[in-house]
Amino acid sequence: METVEAGHVDVIGWFEHVSENACKVQSETLRRILELNSGVEYLRKWLGTVDVEKMDDYTLETLFTSLVPIVSHADLDPYIQRIADGETSPLLTQEPITVLSLSSGTTEGRQKYVPFTRHSAQTTLQIFRLSAAYRSRYYPIREGGRILEFIYAGKEFKTLGGLTVGTATTHYYASEEFKTKQETTKSFTCSPKEVITGGDFGQCTYCHLLLGLHYSSQVEFVASAFSYTIVQAFSFFEEIWREICADIKEGNLSSRITLPKMRKAVLTLIRPNPSLASHIEEVCTELESNLGWLGLIPKLWPNAKFISSIMTGSMLPYLNKLRHYAGGLPLVSADYGSTESWIGVNVDPNLPPEDVSFAVIPTFSYFEFIPLYRRQNQSDICSDGDFVEEKPVPLSQVKLGQEYELVLTTFTGLYRYRLGDVVEVTGFHKGTPKLSFIYRRKLILTINIDKNTEKDLQRVVDKASQLLSRTTRAEVVDFTSHADVIASPGHYVIYWEIRGEAEDKALEECCKEMDTAFVDYGYVVSRRMNSIGPLELRVVERGTFGKVAERCVGKCGGLNQFKTPRCTTNSVMLNILDDSTIKRFRSSAYD
Ligand code: AMP
């Protein structure tokens, strides 16, 4: 049987080889994708009936990039909808698609589906193995140990055509590959399947914590998909640790766990353990009264070697709190990927999250890069924050220090698909670029896994302002927004300036309307689980946006060029808005 160490050497050897030859591997990857899917309706439309197999690599790449257009999700959506409705002829892939994933973001105000195949689960397993191998170079762990993993599978449902829909992580936790990962990396999650798939954030988190403590001496590291869940779990722990202690002491389970399958699964694992309970009590009393919970993780999990999770991008605001709980434990920033495709692996797990970049895995998809140039005279308060674009280049032509938007051609039927992420090439790992994640292009509102663009916000405000006009004699004259990540949980704040009279009751309804009108899956799930708090509507006094404009114009030129920023983190602007706020409402949409 393969040992863990031998497995690590193998997978690193494989990656070093494909990175060394990244340009050639990319050509081969494109060829494989096109050969596997030659003749599907979408490709026939653009490539006709060309014989891919007879072409050399250069001709194939040139032909592909000159004939197939760069698209966004909206362009492929009609094909994906036909698949969802049960059409079985080969539209995007030759292999029938039976599962769809829900990606974050929206298409024309609807949830975004992307195809999921066996290849998707296999690449997840491959990147997890690769990542574990690089990590073990710096932070080796004991074989057969446990992971305190804050992971949550969402619900699955069926489309009209009978296809299963769920998030990519939900599919993965239900797949064979998830079991294989635990076996090959010889690290086992503390919680059983019934907890991971429970579907109730509070109940799942309670059981993750309880079982994490039950197995505390065996826990080798703490992990989650995105770091905000670890932060949330431990701030929840600060409130309920006494309840958990009581459960450990008596081998019992709190009545807050009402899901029968979860109760049964957890109760079969725990036993009364008074000595562990009194140890936890002692540590927590000290943490609570003297230390402000500083170093909670190493104090309660003394054998934990590190914390692993995505800590970059929209997770950066959670780093301070995570570091506080981590004490001195290393924070290992996890890999870079999307529902559409995995992209890069963190080959320097010893670097702090602020400095992490991701080496592109050239076998996973065919990657193209749209060079982006920031517009001149950008300033936080009055720019539209976007870029000037140039023609996309292949992986072989990316330049150090340049910013790009990523374009993917995947094994799952997405061809020259704009991912919407802005990345910077910060170095090379052998022949493959290392990307640092800058931000999601056009994204303005995000708290954790939610992703809403200016267009989404505009649509949501339009809907609520129509409600306002229907029910009152008032209208919205200007608006902006802010993602408040300081409060816990974070929430969206929308500022309205209105003309005319509106009763509080009507404004309350508008606030609720906006909360429900954000349909991005990440937002909906986070709201249901209360990992994003109720949306807040703040009504500002008349003339406030005029003050904002004056202030902005004073800073950067002509009033005729001024556009109200639809989202802001600018403290000057927020101060003006907050000083002028006359009414506040919190949504009751998900109560
Ligand atoms: P989803 O398709 O919902 O899984 O979201 C994928 C998106 O999450 C990516 O396109 C990125 O914008 C963001 N993301 C994923 N991994 C990372 C990472 N390691 N660092 C920063 N952002 C990430």
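The values are calculated or read from the model by the stated rules, or taken from the named source; none is laboratory data. All of these numbers come straight from a predicted model, not from anything done at the bench. Note: ideal-geometry Cβ built from the backbone for every residue, glycine included; neighbour counts use all protein chains shown. Calculation scope for accessible area: heavy atoms of the full protein, side chains included, ligands and nucleic acids excluded. Shrake-Rupley method; radii C 1.70, N 1.55, O 1.52, S 1.80 Å.
Quick one: accessible area per residue over the chain, 1.4 Å probe, rounded to a whole number of Å²?
Each residue of the chain exposes 43 Å² on average to a 1.4 Å probe.
Mind ordering 243-252, 317-326 by average Cβ neighbours within 10 Å, highest first?
317-326, 243-252
I want to check the label-to-label distance for ASN320 and GLU16. Put each point 7 Å from Cα in the C-beta direction and report it in nm to one decimal.
About 4.2 nm separates the two model spin labels.
Bins of 5 Å, beginning at zero and ending with the bin holding the largest distance: percent of Cα pairs per bin for segment 209-335, please.
Calculated P(r), rounded to whole percents: 2, 10, 20, 22, 20, 14, 9, 2, 0.
Please give, to one decimal in nm, the separation of the simple spin-label points placed at ARG271 and TYR439, each 7 Å out from Cα toward the Cβ.
5.3 nm
If the chain between ARG118 and SER217 were fully stretched, how many nm would it gain, using 0.36 nm times the residue separation less the Cα-Cα distance?
Between ARG118 and SER217, full extension yields an extra 32.1 nm.
Compute the projected area of the convex hull of the Cα atoms of segment 380-473, averaged over all viewing directions, and report it in nm² to one decimal place.
For segment 380-473, the mean projected area of the Cα convex hull comes to 9.9 nm².
How far, in nm, would the chain grow between GLU288 and GLN81 when pulled straight, counting 0.36 nm per residue and subtracting the alpha carbon separation?
69.3 nm
Hey, any idea what the orientation-averaged projected area of the convex hull of the chain's Cα atoms comes to, in nm²?
Value for the chain: 28.8 nm².
Which net charge results for the neighbourhood of GLY212, defined as the other residues with beta-carbon distances under 9 angstrom from its beta-carbon, given Lys and Arg at +1 and Asp and Glu at -1?
Combined, the nearby Lys, Arg, Asp and Glu give 0.
Report the FRET efficiency, 1/(1 + (r/R0)^6), for ARG242 and LYS158, where r is their Cβ-Cβ distance and R0 is 35 Å, rounded to 0.05.
Result of the calculation: an efficiency of 0.25.
What does the extension gain come out to for GLU176 and GLU281, with contour length at 0.36 nm per residue minus their alpha carbon separation?
Length gained between GLU176 and GLU281: 33.9 nm.
Filter LYS24/LYS155; LYS193/LYS321; LYS181/LYS442; LYS321/LYS391; LYS179/LYS512 down to the pairs with a C-alpha to C-alpha distance above 32 Å, please.
LYS24/LYS155; LYS181/LYS442; LYS321/LYS391; LYS179/LYS512
Note down the magnitude of the dipole of segment 1-148 about its Cα centre, charges +1 on Lys and Arg C-beta and -1 on Asp and Glu C-beta and zero elsewhere, to the nearest 20 debye.
The calculated dipole for segment 1-148 is roughly 520 debye.
Using a 1.4 Å probe on the protein heavy atoms, what percent of the accessible area of segment 1-88 belongs to carbon and sulfur?
For segment 1-88, the apolar C and S fraction of the accessible surface comes to 54 percent.
Can you tell me the alpha carbon radius of gyration of segment 444-586 divided by the globular rule-of-thumb value 2.2 N^0.38 Å?
Scaled against compact globular proteins, the figure is 1.02.
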